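The values are calculated or read from the model by the stated rules, or taken from the named source; none is laboratory data. Remember, it's a predicted structure, so these values are computed and weren't measured experimentally. Here Cβ is always computed from backbone atoms with ideal geometry, including for glycine, and neighbour counts include all displayed protein chains. Ligands, DNA and RNA are stripped out before the accessible areas are found, and what is left, the full protein with its side chains, is counted by its heavy atoms. Shrake-Rupley method; radii C 1.70, N 1.55, O 1.52, S 1.80 Å.
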Amino acid sequence: LTCVLAEELTRESIFKALKQRRCYGTTGPRILLDFKANGEPMGTEIRTDRPVELFAEVTGTGPLEALVLFNGHEIVKQIEPTAFQDVADSRRVRISWGGARIRGRARKARWDGRIRFEGCKIIDANIFAFDTPANGITGQSDSHIDFRSGTTGDVDGIDLIVDDSGSGRIYFDSPIGNCKINLADLSAKPAVYDFGGLKLQVAFRRYPETLQQRRLTLSHTVDPVSAGTEPYYIKVIQEDGHMAWASPVFITRAG
């Protein structure tokens, strides 16, 4: 879904805004996203030898997970709801996987597999970010989850509630790769396992049992580099796996 920041709802105004990069994209929901540099809207080109003030604000259609500022492919700053500050006793575990095999038509990675728990029991399980009803949970008990999943660069995942937040071990078994982790080692920071390809990865994370915050803001000051142009942009991640991306602002050092 594309949001166009046009001055009026006319064909001419909409195409003018698109050409000026006054637009952002989402994976479907109507997320509200504002991103400015020195008060100028996304898509702006700035040439200066002074610091630039970046500001972003997002209102989600559901609870938010993160608001992230990028410079190219590098994360500059990340804002998360306060619920992530203390998840030590949370019984909610988020397991996600994604990526692609190659660039091209045969890029799909088939993950069909099983998540197993030892030393604790599964109370509840729910999928997130799956993009087709053909995939999802195919079998479930208090010790394992069977699933069908295919990714082509996107991410699929399952949220689980366990009966004991501090003991037990998780096993992830799939044709792409196998990995395991102790439940006691989980934190709000994802533990990531890499299986090659184009970011074929599995991530384990302790997640807040309840997320409610739907609005986040981010402020950051950047100094122009001595040479070249740097693109800064914003990525939004919701609890349900939906995302949004702002058009970049381009900052070039004057002279």
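From the list R47, R107, R116, which one is touching a residue at least 24 places away in the same chain (Cβ under 8 Å), surrounded by fewer than 19 Cβ atoms within 10 Å (Cβ to Cβ) and part of a loop (DSSP other than H, G, I, E, B)? Before you say what the answer is, go through the steps one by one.
Working: R47 fails: part of a loop (DSSP other than H, G, I, E, B); R116 fails: part of a loop (DSSP other than H, G, I, E, B).
Sole residue among the options that is touching a residue at least 24 places away in the same chain (Cβ under 8 Å), surrounded by fewer than 19 Cβ atoms within 10 Å (Cβ to Cβ) and part of a loop (DSSP other than H, G, I, E, B): R107.
If the requirement is being under 18 Å from H73 (Cα atoms) and within 17 Å of the chain's Cα centre (by Cα), which of these qualifies: L198, L211?
Answer to the check: L198.
Report yes if some residue within region 198-209 is in contact with a helix residue (DSSP H, G or I) (Cβ under 9 Å, 6 or more places away or on another chain), in a loop (DSSP other than H, G, I, E, B), open to solvent by 60 Å² or more (accessible area, probe 1.4 Å) and at negative phi; otherwise report no. It would help to see each step written out before you state the result.
In the first step, residues of region 198-209 are kept if they are in contact with a helix residue (DSSP H, G or I) (Cβ under 9 Å, 6 or more places away or on another chain); the result is 204, 206-209.
Filter again for in a loop (DSSP other than H, G, I, E, B), leaving 208-209.
Subsequent filtering for residues that are open to solvent by 60 Å² or more (accessible area, probe 1.4 Å) retains 209.
Still in the list and also at negative phi: 209.
Within region 198-209, one or more residues are in contact with a helix residue (DSSP H, G or I) (Cβ under 9 Å, 6 or more places away or on another chain), in a loop (DSSP other than H, G, I, E, B), open to solvent by 60 Å² or more (accessible area, probe 1.4 Å) and at negative phi.
Taking into account only those residues within region 222-255 that are open to solvent by 30 Å² or more (accessible area, probe 1.4 Å) and among the hydroxyl-bearing types (S, T, Y), which is farthest from P81 (Cα to Cα)? Walk me through it before giving the result.
Initially, region 222-255 is screened for residues open to solvent by 30 Å² or more (accessible area, probe 1.4 Å), giving 223, 225-231, 233, 235, 237, 239-240, 242-243, 245, 248, 250, 253-255.
If we keep only those that are among the hydroxyl-bearing types (S, T, Y) as well, we get 226, 229, 233.
Details: S226: 35, T229: 31, Y233: 20 Å.
Once the filter is applied, the top-ranked residue is S226.
List every residue pair whose Cβ atoms lie under 9 Å apart, where the two residues are 6 or more positions apart in sequence or sit on different chains, the first residue falls within region 191-207 and is touching a residue at least 40 places away in the same chain (Cβ under 8 Å), and the second residue, located anywhere, is open to solvent by less than 30 Å² (accessible area, probe 1.4 Å) and acidic (D, E).
Y207/E65; Y207/D159
State whether the residues of region 135-153 include one that is touching a strand residue (DSSP E or B) at 6+ places or on another chain (Cβ under 9 Å) and in contact (Cβ under 8 Å) with a residue 60 or more places away in the chain.
No, region 135-153 contains no residue that is touching a strand residue (DSSP E or B) at 6+ places or on another chain (Cβ under 9 Å) and in contact (Cβ under 8 Å) with a residue 60 or more places away in the chain.
Could you tell me which residue of region 7-44 is surrounded by the fewest Cβ atoms within 10 Å (Cβ to Cβ), considering only residues that are of a type in the set (A, V, I, L, M, F, W, C), under 26 Å from the mean Cα position of the chain (by Cα) and outside any helix (DSSP H, G or I)? Show your work before the answer.
Looking only at region 7-44, we keep the residues that are of a type in the set (A, V, I, L, M, F, W, C), and these are 9, 14-15, 17-18, 23, 31-33, 35, 37, 42.
From the residues that got through so far, the ones that are under 26 Å from the mean Cα position of the chain (by Cα) too are 18, 23, 31-33, 35, 37, 42.
Then keep just the ones that are outside any helix (DSSP H, G or I); that gives 23, 31-33, 35, 37, 42.
Numbers: C23: 19, I31: 23, L32: 16, L33: 22, F35: 26, A37: 22, M42: 23.
So the residue we want is L32.
Quick one: would you say I102 is farther than 19 Å from R205 by Cα, in contact with a Leu (Cβ under 8 Å, 6 or more places away or on another chain) and either among the aliphatic types (A, V, I, L, M) or part of a strand (DSSP E or B) (or both)? Even if it seems obvious, please write down each step before you answer.
Values: farther than 19 Å from R205 by Cα: yes; in contact with a Leu (Cβ under 8 Å, 6 or more places away or on another chain): yes; either among the aliphatic types (A, V, I, L, M) or part of a strand (DSSP E or B) (or both): yes.
For I102, the condition - farther than 19 Å from R205 by Cα, in contact with a Leu (Cβ under 8 Å, 6 or more places away or on another chain) and either among the aliphatic types (A, V, I, L, M) or part of a strand (DSSP E or B) (or both) - is met.
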